[in-house]
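Each remark here refers to the structure printed beneath this line.
The values are calculated or read from the model by the stated rules, or taken from the named source; none is laboratory data. Note that the coordinates shown come from a computational prediction; the quantities given were computed from them, not determined experimentally. Note that each Cβ is placed from the backbone with ideal geometry, even for glycine, and that neighbours are counted across all protein chains shown.
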Amino acid sequence: MDAIDQALMNTRLHHLGMAARNSEPLRRLAVLTCMDARIDVAALLGLRLGEAHVVRNAGGRATTDALHALAISQVILKTREVMVLHHTECVLGSYRQSELAERIIVATHHPFSDELGCFLDLSESVIEDLARIRSYPYLVHRDRVRGFIYDLASNKVSEVA
Ligand code: ZN
């Protein structure tokens, strides 16, 4: 069975609770984090259905798409806080932009020059994204934007000052 079939099978076992029927997240929280398969955001942060928005991409970077999602999250769906959560052993911190672009080019035989969000320093990547979010004019709440690092080895989440 392929992964999509398995995921579809799981949907039949899944029933939404009442809390999940409200599209406005109960905790008024949006989390921006990496797509890394080792991060179970709901389990890690104790989030239940209907409680928060989780925006994920490679690296948990504050890309244009991610900022758009946060704008919709706040303006339309009334969230107030943004939690940025990057992590150790992230692929984007392990490769340079040029290396990843080259891998994509070699694998697909197409030119590739898009920015992938690679970083050299994990804390700096969080600080950079916090600055992007705080300066994004289409958010209505920028006073409670906080950044964290999830250490996969120790299972600890620590705030980036
Ligand atoms: Zn990652």
Practice task
Report those helices (runs of 4 or more DSSP H) wholly inside region 19-109 carrying at least 2 residues which are among the acidic types (Asp, Glu).
Solution key: 97-108
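Does Ile149 count as touching a residue at least 40 places away in the same chain (Cβ under 8 Å) and either at negative phi or touching a helix residue (DSSP H, G or I) at 6+ places or on another chain (Cβ under 9 Å) (or both)?
Judged against the criteria, Ile149 is a match.
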Fill in the blank from the handout: By residue number, the members of region 110-135 that are assigned to a loop (DSSP other than H, G, I, E, B), surrounded by 18 or more Cβ atoms within 10 Å (Cβ to Cβ) and not hydrophobic (A, V, I, L, M, F, W, C) are Gly117
Completion exercise
Contact list, first residue from region 82-111 and closer than 14 Å to Leu152 by Cβ and at pLDDT below 95, second anywhere and within 11 Å of the ligand (Cβ to nearest atom) and part of a loop (DSSP other than H, G, I, E, B), beta-carbon distance below 6 Å, six or more apart or interchain, is none
Exercise for the section: Just give me the residues in region 53-64 being within 16 Å of the ligand (Cβ to nearest atom) and either hydroxyl-bearing (Ser, Thr, Tyr) or surrounded by fewer than 17 Cβ atoms within 10 Å (Cβ to Cβ) (or both), in sequence order. Expected result: Ala58, Thr63
